[in-house]
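Here is the structure we will look at, set down as structure tokens.
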Amino acid sequence: AGIEAAEGELSPAFQPDVREYTVVVTQARTTWLTLFLMLDLERYSPLHCPLITANGSVVAYVPSEPIRVTVRLGDFIGPVQRDLRIGVADPSHGGFLSFGPRSAEYLLHIVRPPRLAQLVMATAISVRDPSGNPVPSVPPFLAAAPQNDFSFHLGMSARSATLEVRCPQVHGVSWSLDGRPMAGFGGVVPIVLSARYFRRVVVACAFHDARWSTSTPMRAYEVQILKHLKRDTKHDEERISHMASAQLRSLAMYGYCVEAPVNATLFAQHPALAGRHHGEVLARTGFVCRVDRERAELVATFSSADGAVPETSLVDERTSEATLMANAIPVRVKLGLSRPYLRLNVDVADVVVVYPVVSVWPGGCASVACHPGRVHRRFDPFEAREHMCLAEVCTEEDEARCCEARAACDTYSMSCPRGQATREDGSRVLCFAAECTLHDQATCCAPSTTPRPGGAPADGSAGAATAGASMPQGGSVPTRHGASEASTSGPEGATAGSSEVAAGPSARPTWSPTASTTATLEPIVCTESGTVWLPLDLAGTAPTIAENSAACQARCVATERCEHFSFWSAHRHCHLQGAEARRQEYGFGFESGPPECSPENAVSTTTTDPLAFNDHCLQRGMYWAPLMPEVLYIREEPEQEGIRLCQRFCAKTGCARFQYDSRSGGCNVAGPRAKPYFGAAQDVISGPASCGGVYSELSDFLMLKYSR
């Protein structure tokens with residue numbers, strides 16, 4: 001009369017004339033299934049009860065009680081499918097009340113879903129040392145435990161290990177190593193440690209069967225295989241800090257960070273010095289960052305002597321919030337208004353090297369009163385440190401860094417009005433700022449009392465003055481000493497150093513591509529300071545200790561597939577990179593370059609960004625007009641660094657060309673409609689916003705055109 005399942009659902013609903021059903025067990029952990037059979041006793045003789053069988057076995061029952069049939073499903077964690085045949089026969093051969101067929105058989109398909117959580121649970125994760133001895137895990141591995149992270153500690157001399165992983169042997173289960181699918185239900189893989197002090201691998205067990213899950217359940221385990229580092233003495237701690245060291249810097253527009261010994265006064269109250277957790281090693285130095293906003297972009301760079309990639313993070317001591325720092329990549333960090341204490345953690349095998357960090361929001365130089373004869377330094381939005389004091393409140397000690405001497409009129413290099421010349425007592429008369437500009441003309445110029453030969457005006461020829469550099473249209477330019485100078489290729493009678501220059505187009509010097517007018521950059525090398533190529537180590541290579549960057553470059557030349565090198569100068573780590581590596585411009589602490597120097601990759605030793613210096617990119621003695629209003633003053637920098645900064649300023653302002661006066665530090669920019677003019681002093685260097693590419697051809701075309 002009916003069939004019911006105590007732990008499942010019968011489909012379709014029972015009907016006497018339907019002989020085949022499906023029973024779906026609802027709970028994956030069900031190990032026994034109970035079925036209840038109901039008889040219609042009116043169909044049988046009361047003297048003879050029906051014979052009931054289950055898969056051929058007779059089922060004993062009492063007619064007045066429910067008939068139970070139990071089926072064992074077992075503890076198998078995968079999907080279970082069983083077939084049960086229920087037979088019903090009338091032994092009376094049809095009594096006076098009986099009618100219809102004398103026997104019937106029902107087929108039940110019993111289905112139990114898999115235990116998905118157990119299917120993706122590894123049954124074994126173990127590590128053996130090079131001698132084949134098992135290495136205990138921390139914490140101990142238990143298949144049913146909730147932990148997903150396990151560490152295995154080897155001796156410092158171990159160069160390899162073997163990792164064994166086992167997943168449940170159930171159809172549909174697979175495993176992977178670091179995201180790579182592996183064959184079978186598990187296996188043994190070698191782990192190479194010769195160039196590493198630790199390896200971190202991720203193993204995972206997964207189950208895929210569309211009948212039971214629309215997605216792919218997976219459980220991942222992080223396995224760390226570490227070399228035990230001895231840290232019993234100060235010498236051990238120093239050796240560990242040399243294995244993986246770091247630098248911390250701020251982008252210049254936010255402020256700056258400097259390295260300081262951990263016994264510096266600013267670190268006196270730092271929690272990292274008060275106490276350390278087990279496994280932490282205090283670095284010998286820390287970092288003091290001065291930024292003038294709540295959030296700043298900081299850059300961490302780090303190097304490992306063993307070729308591993310340390311996990312580096314910046315941790316706020318107040319909130320314990322950690323910010324992961326990728327190598328040479330700027331990361332925006334919240335610092336707060338008060339003086340926060342942070343720590344730069346560098347994971348080294350089974351220890352953490354801790355660099356204490358303190359952030360200071362310094363006062364502004366505008367609050368400092370400059371001494372007589374001195375003036376505030378000019379504000380540079382790209383160099384925040386130029387207008388910062390050392391502490392939150394400026395003091396008298398900040399006057400030297402915030403202020404500079406006003407220039408005297410004897411350094412005035414602009415053109416004076418007709419009939420006037422630079423005043424004779426110019427050395428005792430001060431300009432308004434640290435550099436005399438066109439605004440100081442009334443102060444520094446006075447009526448001329450000495451007529452010049454030939455009746456030429458006292459100021460030479462009128463010209464177009466630019467901020468930081470005088471750019472006369474007629475070919476007269478200021479020399480390093482402030483006097484006017486004409487090109488040696490000028491009109492007849494005008495010699496080098498003469499202040500008398502003929503007016504008009506004929507005064508423009510003749511230029512040809514063979515003339516020695518291009519920038520002479522000495523010394524020229526191809527090693528950049530402050531850049532790095534990532535990934536840091538070429539596959540199949542390990543870092544070495546090199547005497548200097550030149551020795552590291554020589555190693556790159558001798559190594560197959562080496563396309564770049566990166567030298568960590570703090571501890572002389574030499575890293576080699578392949579063609580897949582990418583250059584990072586915020587590689588503080590690194591020196592990098594190609595295996596061999598050539599004119600195409602040459603840079604100056606003072607540059608920190610690559611400039612493809614060549615005969616067409618930069619030009620001495622040439623200026624552009626008209627100029628854009630944007631002006632940048634670059635102070636006390638080597639010439640090639642000034643060129644780099646001026647070109648970078650040009651790129652940020654969207655200009656087409658720049659011109660830099662290395663004598664005064666003035667950097668001007670010009671738009672795409674500006675025209676080039678020759679006859680400027682050799683201190684004036686001009687070029688495009690970006691060297692290389694189409695600019696080389698365009699510059700060559702313009703120079704040839706306007707030199708005729």
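Coordinate-derived values only; no laboratory data. Just so we're clear, the structure is a prediction, and the values are computed from it rather than from any experiment. Cβ placement follows ideal geometry from the backbone for every residue including glycine, while neighbour counts extend to all protein chains displayed.
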*Based on the mean of other Cβ atoms within 10 Å per residue, sort peptides 217-226, 572-581, 416-425, 366-375 so the most packed one is first.*
572-581, 217-226, 416-425, 366-375
*Taking one equal scatterer on every alpha-carbon of the range 72-223, how large is log10 of I(q)/I(0) by Debye at q = 0.10 1/Å?*
-0.51
*Check: the range 71-171 dipole with +1 on Lys, Arg Cβ and -1 on Asp, Glu Cβ, in debye*: 60
*Report P(r) for the range 109-158: all Cα-Cα distances, bin width 10 Å, range 0 to the bin holding the largest distance, values in whole percent.*
20, 37, 23, 11, 6, 2
*What nm value, rounded to one decimal, do you get for the distance between Phe382 and Glu222 when each label is placed 7 Å out toward the C-beta?*
4.0
*If Lys and Arg each add +1 and Asp and Glu each add -1, what is the summed charge of the other residues whose beta carbon sits under 15 Å from the beta carbon of Met628?*
+3
*Two-site label geometry, Phe76 and Glu580: point separation in nm, points 7 Å out along Cα→Cβ*: 4.3
*Once you have the Cα-Cα distance between Val59 and His171, take 0.36 nm times their residue separation minus that, and quote the gain in nm to one decimal.*
36.9 nm
*How would you order 298-304, 643-649, 556-562 from highest to lowest mean count of nearby Cβ atoms within 10 Å?*
298-304, 643-649, 556-562
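Can you tell me what percent of all Cα-Cα pairs in the range 303-384 are more than 20 Å apart?
The proportion of pairs with Cα distances above 20 Å equals 53 percent.
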